[in-house]
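Chemist: Take this structure first; my questions come after.
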Amino acid sequence: MSSGHPLIDRFARRMSYLRLSVTDRCDLRCTYCMPERQQFLPRKDVLSLEELHRLALGFIARGVTKLRLTGGEPLVRRDMIELVRALGRELGRGLDELTLTTNATRLAEFAEPLRDAGVRRINVSLDTLDRGTFTRLARRDSLPQVLEGIEAALAAGLSVKLNTVALKGINQEEIPDLIGWAHGKRMDLTLIEVMPLGEIDADRFDHYLPLTDLRARLEQRLTLTPSAHRTGGPARYADVAETGGRLGFITPLTGNFCEGCNRVRVTATGQLFPCLGGIEQVDLRAALRSDDPESALDAALDLALRIKPERHHFAIERPGSAPTLDRHMSATGG
Ligand code: SF4
């Protein structure tokens, strides 16, 4: 039986936001995220959709009100929409928001079913509007499907926010145009610093672009006014006078945001990582498959909050610097 107690860590931070990865697989191979020949998890190790559902209910019983489904790419998981429908039935019964982060390659197919299941807002990862740059970055020529997916989501009435990783020498010069394009379609856009998670084929130092530098350059041509807008995540927003839109900044390396942390992550194999930047993990799969799964899951959540670190220690300091963690972003979906 769940204790129903809120999830509060040693630093008095309340965890109300779960990021649940439903697969580590993806149909793209973004160079800053994973190597071309990424080894994916054996399917036998991945939780069933039914187990992911039970796991999410365990978190909702402990006060989680926002649930984001992630990957890899969540929409490549077969029958994923059934999990969304099942979780959508929890909206208004403890769950306030059900959302997901997608690369939009499959969004044209799922936009309406997601809306019908109760999803209202989604995040789309998009780093460029240039087809050549996209193909080099994602190592797949999929920009047309992505743009079609975004249009389908907007047509379905979903609120779309773009997440753009700022990359020196790759999309840096294009970012003002990307902002204008997004705001022209009434989409917020959030800029994100590269995070040193997992070995990749490139050297992250070559493409790491501190958002403090990028913001200073943007402010030479755009008028940014700090905004009180919050989405429950780490982004800090500014209103852009010239476009009438909103621009977010996620700055893990130049502006730590751990003090207000409200989230934990679970991988598709049921490993709970209390912190994106930490090695601490708790095995929820064993709890789910135990004789008394509800109590075992509850105890596992309590353990996770006891070991959750205060903050991350991400760093990209010199050429060839090793990643802060071996674990790839695709394991927890950011
Ligand atoms: S790095 Fe860890 S502590 Fe910091 S905001 Fe992310 S999950 Fe929270």
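Chemist: Please work out which one of (1) assigned to a loop (DSSP other than H, G, I, E, B); (2) touching a residue at least 12 places away in the same chain (Cβ under 8 Å); (3) within 21 Å of D188 (Cβ to Cβ) is the condition A228 fails and give its number.
Modeler: So the condition that A228 fails would be (2).
Chemist: Does D213 satisfy the condition of being outside any strand (DSSP E or B) and on the phi < 0 side of the Ramachandran plot?
Modeler: It is true that D213 is outside any strand (DSSP E or B) and on the phi < 0 side of the Ramachandran plot.
Chemist: Here's something else I'd like to know. Which members of region 1-15 meet the condition of being surrounded by fewer than 18 Cβ atoms within 10 Å (Cβ to Cβ) and not basic (K, R)?
Modeler: Result: M1, S2, S3, G4, H5, P6, I8, F11, A12.
Chemist: Now a separate question. What's the number of the condition T231 fails, among (1) of a type outside the set (K, R); (2) modelled with pLDDT under 95; (3) within 12 Å of the ligand (Cβ to nearest atom)?
Modeler: Result: T231 passes all but (3).
Chemist: Take the residues of region 1-38 that are of a type in the set (A, V, I, L, M, F, W, C) and more than 16 Å from the ligand (Cβ to nearest atom): which is farthest from the chain's Cα centre (by Cα)?
Modeler: Restricting to residues being of a type in the set (A, V, I, L, M, F, W, C) and more than 16 Å from the ligand (Cβ to nearest atom), the top hit is M1.
Chemist: Kindly indicate which of L114, L129, L154 is surrounded by fewer than 18 Cβ atoms within 10 Å (Cβ to Cβ) and in contact with a strand residue (DSSP E or B) (Cβ under 9 Å, 6 or more places away or on another chain).
Modeler: Answer to the selection: L154.
Chemist: Looking at R89, R140 in this structure, which one is open to solvent by 20 Å² or more (accessible area, probe 1.4 Å) and free of Cβ contacts under 8 Å to residues at least 40 places away in the same chain?
Modeler: R89
Chemist: Looking only at region 191-204, decide whether some residue is touching a residue at least 24 places away in the same chain (Cβ under 8 Å), under 19 Å from N163 (Cβ atoms) and among the acidic types (D, E).
Modeler: Looking through region 191-204, at least one residue is touching a residue at least 24 places away in the same chain (Cβ under 8 Å), under 19 Å from N163 (Cβ atoms) and among the acidic types (D, E).
Chemist: Counting only residues that are farther than 18 Å from N103 by Cβ and in a loop (DSSP other than H, G, I, E, B), how many does region 14-38 have?
Modeler: Total meeting the criteria: 3.
Chemist: Being in contact with an Asp or Glu (Cβ under 7 Å, 6 or more places away or on another chain), closer than 29 Å to L191 by Cβ, more than 16 Å from the ligand (Cβ to nearest atom) and not acidic (D, E) narrows it down to one residue among P252, P319; which is it?
Modeler: Being in contact with an Asp or Glu (Cβ under 7 Å, 6 or more places away or on another chain), closer than 29 Å to L191 by Cβ, more than 16 Å from the ligand (Cβ to nearest atom) and not acidic (D, E) holds for just one of P252, P319, which is P319.
Chemist: Separate question: Checking the condition under 21 Å from the mean Cα position of the chain (by Cα), of a type in the set (S, T, Y) and farther than 30 Å from H183 by Cβ, which residue from T254, T324 passes?
Modeler: T324
Chemist: Let me ask something else about it. Of the residues in region 257-278, how many are farther than 18 Å from F59 by Cβ and either within 8 Å of the ligand (Cβ to nearest atom) or within 16 Å of the chain's Cα centre (by Cα) (or both)?
Modeler: Going through region 257-278 one residue at a time, the tally reaches 5.
Chemist: Related question: Only one residue in V64, V119 is among the hydrophobic types (A, V, I, L, M, F, W, C), buried (at least 23 other Cβ atoms within 10 Å of the Cβ) and over 27 Å from V165 (Cα atoms), so which one is that?
Modeler: Every option except V64 fails the conditions.
The values are calculated or read from the model by the stated rules, or taken from the named source; none is laboratory data. Quick caveat, the model's predicted, so the values are computed rather than measured. FYI the Cβ positions are ideal-geometry reconstructions off the backbone, even for glycines, and counts take in every protein chain you see. Accessible surface areas use protein heavy atoms only, side chains included; no ligands, DNA or RNA. Shrake-Rupley method; radii C 1.70, N 1.55, O 1.52, S 1.80 Å.
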